[in-house]
Amino acid sequence: MMFTIILLSICIHYIDSISVRKDNDITTVEFKNGISEGWSITENFTPSSPIPAKKEIELLRQTARNLSVELQTLEDTYEKDKTAPVMFYAVIRNKAFTYNVDTIIVFETTIVNEGDHYNNLDGVFVAPQKGTYLFAWTVTGSSSNYIMTELVVENNVIIGTGERNVSGGHPSGAMTSLCKMEKGDHAWIRTTGVTRSHYLYSYDNYPQSGFLGLLVLQE
């Protein structure tokens, strides 16, 4: 994109360097800034291509300048998007759920969501850029129930974690993972197929369940 802007600037300079004038019966094209000494075309000579008129040159000049401004705006937007932070952190508060197999866990309370790439309505994160992402999550259970979960990126299981409570209380399972994502890839946490029923417990004053992610290396 930067090359295109530079090329447009050269075109503008070239157009500005041309003046077209007609002196009696001789049409002359001159190049300023010492680019050329110019040449003359008599009225009996018909050029293979017409010499641009003054209005046409002005139109070309204005069109090139408008394109240059538009391209610069696109370049600024691209650079801003490229350097913007990408991170989110969401939790489940004061809720308990029983999930079936392969059910997406929705962490509905968003604490941080730079760029709004995590959707707290469906629990899915969408990668805005290609790169390496870090994800971490915690799930808490209760009683003698299973709560087994896994990180999924575009239907590929990255890694899983969970627990089965056999001694009372509210133990938690937690995991941190790195994975590569393409722009537009989706990532989420879901229950596994180890059992038909998963029970999640997430209340104040007890270990809560949360999910975070961030872009650590852009490609």
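If the chain between Asp122 and Arg164 were fully stretched, how many nm would it gain, using 0.36 nm times the residue separation less the Cα-Cα distance?
Separation in residues times 0.36 nm, less the Cα-Cα distance, equals 12.6 nm.
Roll a 1.4 Å probe over the protein chains and send me the accessible area per residue for the stretch 119-219 in Å².
So the stretch 119-219 comes to 47 Å² accessible per residue, rounded to a whole number.
Ratio of the stretch 90-145's C-alpha Rg to 2.2 N^0.38 Å, to two decimals?
Expressed relative to 2.2 N^0.38 Å, the Cα Rg reads 1.30.
In nm, to one decimal, how far is the Ala96 label point from the Arg196 one, both placed 7 Å along Cα→Cβ?
Result: 2.1 nm between the two label points.
Run through the stretch 114-199 and list the GluC sites (Glu not before Pro) located in a DSSP loop whose Cβ has at most 13 other Cβ atoms within 10 Å.
Hits after loop and neighbour filter: Glu154, Glu182.
Could you tell me the convex hull volume per residue, in Å³, taken over the Cα atoms of the stretch 71-203?
100 Å³
State the percentage of accessible surface on the stretch 170-219 attributable to carbon and sulfur atoms; use a 1.4 Å probe and exclude ligands, DNA and RNA.
Carbon-and-sulfur percentage of accessible area, whole number: 53.
For the stretch 181-219 and the stretch 122-142, write down the distance between their C-alpha centroids in whole Å.
That distance is 5 Å.
The values are calculated or read from the model by the stated rules, or taken from the named source; none is laboratory data. None of the values given here were measured: they were computed from a predicted structure. Counting neighbours? That spans all protein chains shown, and the Cβs are built from the backbone with ideal geometry, glycine included. Please note that ligands, DNA and RNA were not included when accessible areas were found on the heavy atoms of the full protein model with its side chains. Shrake-Rupley method; radii C 1.70, N 1.55, O 1.52, S 1.80 Å.
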